[in-house]
Amino acid sequence: MTLTASGPSLRVRTRQLFEQEQRFIAPGLQTIALLSELAIAEARGVFVTDLDGNRYLDFNAGVSAASLGHAHPEYVAALKAQLDRVTVGSYTTPARAELVELIASLAPGALRRTQFFSGGSEAVEAAIRLARSFTKRQAIVGFTGAFHGKTAGVLPLSDVSWKDAVGPLAPALHLARYGDPADLRRVIEEDAHGTIAAVIVEPIQGTAGNIIPPPGFLSEVKSIAAEYGALLIADEMITGFGRTGWMFGCEVDGVEPDIVTVGKGMAGGFPISGVISTDAIVAAEPFSLPSASSSSFGGNPLGAAAALITIRTIVRDRLTARAGQVGGFLLEGLKRLESRYAFISRARGRGLLLGFDLVSDRKTATPLAGAHCQTFFRACLDEGLILMAYNARVRIHPPLVLTEDEARLGLEALDRACQTLERVLP
């Protein structure tokens, strides 16, 4: 099993198509797409192939979306079969009826009701509306480093540098320091005046660099929220459905949220998201009024079929357990790299959600300069490895079907990329 050498001189057709598209597509694409300049011809399993025939190991998986990898045969068959039946509408279909029952059987505790949406921001905004409907309060507290989307209703809760430039930002949305229960309590008291509808938290912060909170943090957040009569919203867009080695990321601390948002990997990359909660909470008005929580494309027949086959396969093939096993193997490999290269620090991970920092000084935790990070990203690409390695916090989230042999291949490519970076550092 090998990866194809893929330096810039071997990506001619790929770069030509990328440049052709750039003449008409609007700016603002994901950084990984812009820096890689990749144009993909096809993808199978954990590998993608560009227009020049170069083969890459995909440690990005559409930012954790491609749970089953690419072109999984049963996934493809299920979507083709649904295409032949019906693809649009909010009416009940066999796939959606089975899907909501399956989710109810897997979700923590009493969470058994699901409403579907099209993307992450839409689902998180719906979760906030649900919390406000139930508590009859307004304020929401999130955490620094979080990312819950870019739409107006959640942007204040997302740690993006440019959000103030597109204001005004929605009020009654506050931030506490991630991992710090004492600061959460301070923000509730001082900024929200002791009255909040919900606390929203990522069990592991993805965009911040796959950051794992201190043990017991989620339990403390749950307790504090309950103390103030607020709900706990767990944003499991990335951590849900097996990625962490648990079906849901909040289960690591034995926490049962009041509301869970899901998406990305739940449908293998098909754009569908969801809000899961209890019978009592989803009955709250105005959320429960007809059409009040609906979405034109959420839960459509094709999306429901995609989510059903994805989650069924995760359960049947024990991909949650595999994520824990192969993720542990990958983490051991990252720690070996950390012991070998002075610019790698804080190798971390839970399941197949891993990361490490690129630093110029471990003692001061000084991030490596952006230009050097991009050198590392391109070195990984030239070694046939795709991952979010273009800034100081490197993120790794391959498909859940990754094997140990494929993980070893990725670690070998990472090692060679580290050697390239080591040669150019002062």
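Tabulated values for the structure
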{"quantity": "Whichever residue in region 156-181 is small (Gly, Ala, Ser) and more than 24 Å from Thr31 (Cα to Cα) and, among such residues, is surrounded by the most Cβ atoms within 10 Å (Cβ to Cβ)", "calculated": "Ala176"}
{"quantity": "For Ser291: the one exception among (1) in contact (Cβ under 8 Å) with a residue 12 or more places away in the chain; (2) out of contact with any Pro (no Cβ under 8 Å at 6 or more places or on another chain); (3) not β-branched (Val, Ile, Thr)", "calculated": "(1)"}
{"quantity": "Within region 336-367, considering residues that are without any contact (Cβ under 8 Å) to a residue 40 or more places away in the chain and in a loop (DSSP other than H, G, I, E, B), the one farthest from Gln30 (Cα to Cα)", "calculated": "Lys363"}
{"quantity": "Residues (in contact with a strand residue (DSSP E or B) (Cβ under 7 Å, 6 or more places away or on another chain), outside any strand (DSSP E or B) and surrounded by fewer than 23 Cβ atoms within 10 Å (Cβ to Cβ)) located in region 385-408", "calculated": "Ala392, Glu406"}
{"quantity": "Pair list, Cβ under 9 Å, 6 or more apart: region 149-166 residue among the polar types (S, T, N, Q), other residue in a loop (DSSP other than H, G, I, E, B)", "calculated": "Thr151/Gly119; Ser158/Ala146; Ser158/Phe147; Ser158/His148; Ser158/Gly149; Ser158/Lys150; Ser158/Thr207"}
{"quantity": "Residue tally, condition assigned to a helix (DSSP H, G or I), more than 11 Å from Leu99 (Cβ to Cβ) and in contact (Cβ under 8 Å) with a residue 24 or more places away in the chain, over region 297-324", "calculated": "10"}
{"quantity": "Every pair of residues 6+ apart whose Cβ atoms lie under 7 Å, when the first sits in region 242-259 and is touching a residue at least 60 places away in the same chain (Cβ under 8 Å) while the second is surrounded by fewer than 23 Cβ atoms within 10 Å (Cβ to Cβ) and among the small types (Gly, Ala, Ser)", "calculated": "Gly245/Gly324; Val255/Ser219; Glu256/Gly109"}
{"quantity": "Meets criteria (assigned by TED's automatic domain parsing to the domain that holds Ala305, at pLDDT 95 or above, touching a His at 6+ places or on another chain (Cβ under 6 Å) and over 24 Å from Phe18 (Cβ atoms)) for Val141", "calculated": "yes"}
{"quantity": "Residue check for Asp357: acidic (Asp, Glu) and either surrounded by 15 or more Cβ atoms within 10 Å (Cβ to Cβ) or in contact with a strand residue (DSSP E or B) (Cβ under 6 Å, 6 or more places away or on another chain) (or both)", "calculated": "yes"}
{"quantity": "Number of positions in region 127-138 that are in a helix (DSSP H, G or I) and either surrounded by fewer than 23 Cβ atoms within 10 Å (Cβ to Cβ) or among the small types (Gly, Ala, Ser) (or both)", "calculated": "6"}
{"quantity": "Test: residue in region 192-207 that is in contact (Cβ under 8 Å) with a residue 60 or more places away in the chain, in contact with a Gly (Cβ under 8 Å, 6 or more places away or on another chain), within 18 Å of Gly240 (Cβ to Cβ) and among the small types (Gly, Ala, Ser)", "calculated": "no"}
{"quantity": "Any hit, region 139-155, residues being more than 27 Å from Gln30 (Cα to Cα) and surrounded by fewer than 21 Cβ atoms within 10 Å (Cβ to Cβ)", "calculated": "no"}
{"quantity": "Criterion: more than 19 Å from the chain's Cα centre (by Cα) and modelled with pLDDT of 95 or more - qualifying residue of Arg316, Arg350", "calculated": "Arg316"}
{"quantity": "Which listed residue is surrounded by fewer than 21 Cβ atoms within 10 Å (Cβ to Cβ), assigned to a helix (DSSP H, G or I) and within 24 Å of the chain's Cα centre (by Cα), from Arg416, Arg378", "calculated": "Arg378"}
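The values are calculated or read from the model by the stated rules, or taken from the named source; none is laboratory data. Note that the structure is predicted; figures quoted are calculated from it, not measured. Note: ideal-geometry Cβ built from the backbone for every residue, glycine included; neighbour counts use all protein chains shown.
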